[in-house]
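**Q** Take a look at the following structure, please.
The values are calculated or read from the model by the stated rules, or taken from the named source; none is laboratory data. Just so you know, these numbers come straight off a predicted model, no measurement behind them. Glycine also receives a Cβ, built like all others from the backbone with ideal geometry; neighbour counts cover every protein chain displayed. In case anyone asks, the SASA skips ligands and DNA or RNA and just uses the protein heavy atoms, side chains included. Shrake-Rupley method; radii C 1.70, N 1.55, O 1.52, S 1.80 Å.
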Amino acid sequence: MSHATNSQFGRTVLRPLAKATECTTLEWANTFTRELPGDAALEEAPYAALEKQESDELTVDVPEVLLRASREVRGLWSWAVSEQHENPQLISVSPSGAQLIGLSASAFWQNADIAAMAWSGSTRLAGSNMWAHNYGGHQFSIWAGQLGDGRAMSLGETVHNNIRWEVQLKGAGPTPYVRMADGYAVRRSSIR
């Protein structure tokens with residue numbers, strides 16, 4: 001697959017850090033990205049590059065095409081950056097889902113605007129370096145080759161009560177595995 005050469009893909013605008021509240025603070029234990037081989041085209045997380053900058057600018061010298069354009073990837077995962085969403089709103093919280101990762105549903109509602117921004121991907125949870133999974137498989141009884149998470153981005157892995165959980169956003173924008181779609185998802189296919 002060829003890489004896009006449009007100038008808009010020269011730099012990547014990252015998401016600002018979410019305000020720290022009870023619903024946006026998790027301890028990340030990212031063994032998946034630390035121990036398994038990732039996309040050789042982009043070895044360092046875009047947010048790691050941001051931390052090395054001496055300015056408050058949210059733009060890094062990471063070609064956006066590596067994060068958002070469909071391409072063949074050699075590795076088990078690729079770094080990802082969510083899209084900015086206009087006016088996200090908190091419409092539902094799963095109390096049992098929040099509890100699984102050590103959060104409370106009431107904290108989401110007490111900080112609804114902050115929670116909507118953070119859990120839509122419009123702001124970034126502290127310590128989170130998003131990635132998308134690369135995998136292959138059959139579709140319609142035919143080997144489809146590389147598939148991957150075209151619209152799902154893992155925020156990270158967290159451990160609560162000695163159980164490891166991978167936390168994902170679905171429909172947060174395109175990844176290198178997006179193929180012909182836009183990386184978004186409607187609610188009915190996103191809530192599980």
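**Q** Quick one: count up the residues across the stretch 23-46 that are within 14 Å of Arg164 (Cα to Cα) and either without any contact (Cβ under 8 Å) to a residue 24 or more places away in the chain or assigned to a loop (DSSP other than H, G, I, E, B) (or both).
**A** Total satisfying the criteria: 4.
**Q** Among the residues of the stretch 27-44, which ones are of a type in the set (D, E, K, R) and open to solvent by 50 Å² or more (accessible area, probe 1.4 Å)?
**A** Glu27, Arg34, Glu35, Glu43, Glu44
**Q** Give the residues of the stretch 47-71 that are closer than 14 Å to Asn129 by Cα and without any contact (Cβ under 8 Å) to a residue 60 or more places away in the chain, sorted by residue number.
**A** Passing the criteria: Ala49, Leu50, Glu51.
Each row is one residue, and each column tells you yes or no for (1) part of a loop (DSSP other than H, G, I, E, B); (2) of a type in the set (Ser, Thr, Tyr); (3) within 21 Å of Gln146 (Cβ to Cβ).
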residue: Leu66; (1), (2), (3): no, no, yes
residue: Pro88; (1), (2), (3): yes, no, no
residue: Trp109; (1), (2), (3): no, no, no
residue: Gly127; (1), (2), (3): yes, no, no
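**Q** For Asp113, work out the one condition from (1) open to solvent by less than 60 Å² (accessible area, probe 1.4 Å); (2) in contact with a Leu (Cβ under 9 Å, 6 or more places away or on another chain) it doesn't fulfil.
**A** (1)
**Q** So which residues in the stretch 129-146 are part of a loop (DSSP other than H, G, I, E, B) and open to solvent by 20 Å² or more (accessible area, probe 1.4 Å), if there are any at all?
**A** Scanning the stretch 129-146 gives Asn129, Asn134, Tyr135, Phe140, Ser141.
**Q** Moving on to the next point. State yes or no: is Ile101 out of contact with any Cys (no Cβ under 8 Å at 6 or more places or on another chain), among the aliphatic types (A, V, I, L, M) and open to solvent by 60 Å² or more (accessible area, probe 1.4 Å)?
**A** No, not satisfied.
**Q** Scan the stretch 78-98 for residues that are at pLDDT below 90 and loosely packed, with under 15 Cβ neighbours inside 10 Å and report the count.
**A** 1
**Q** Identify the single condition in (1) open to solvent by 30 Å² or more (accessible area, probe 1.4 Å); (2) at negative phi; (3) not hydrophobic (A, V, I, L, M, F, W, C) that Tyr47 does not satisfy, given that it satisfies every other one.
**A** (1)
**Q** Still on this structure, I have one more. Look at the stretch 14-26 and say how many of its residues are in contact with a Leu (Cβ under 9 Å, 6 or more places away or on another chain) and either within 14 Å of Ala112 (Cα to Cα) or buried (at least 17 other Cβ atoms within 10 Å of the Cβ) (or both).
**A** Of the residues in the stretch 14-26, 8 are in contact with a Leu (Cβ under 9 Å, 6 or more places away or on another chain) and either within 14 Å of Ala112 (Cα to Cα) or buried (at least 17 other Cβ atoms within 10 Å of the Cβ) (or both).
**Q** Next question. Kindly provide the set of residues from the stretch 152-187 that are over 24 Å from Val13 (Cα atoms), open to solvent by 90 Å² or more (accessible area, probe 1.4 Å) and modelled with pLDDT of 65 or more, ordered by number.
**A** Within the stretch 152-187, Asn161, Asn162, Arg164 meet the criteria.
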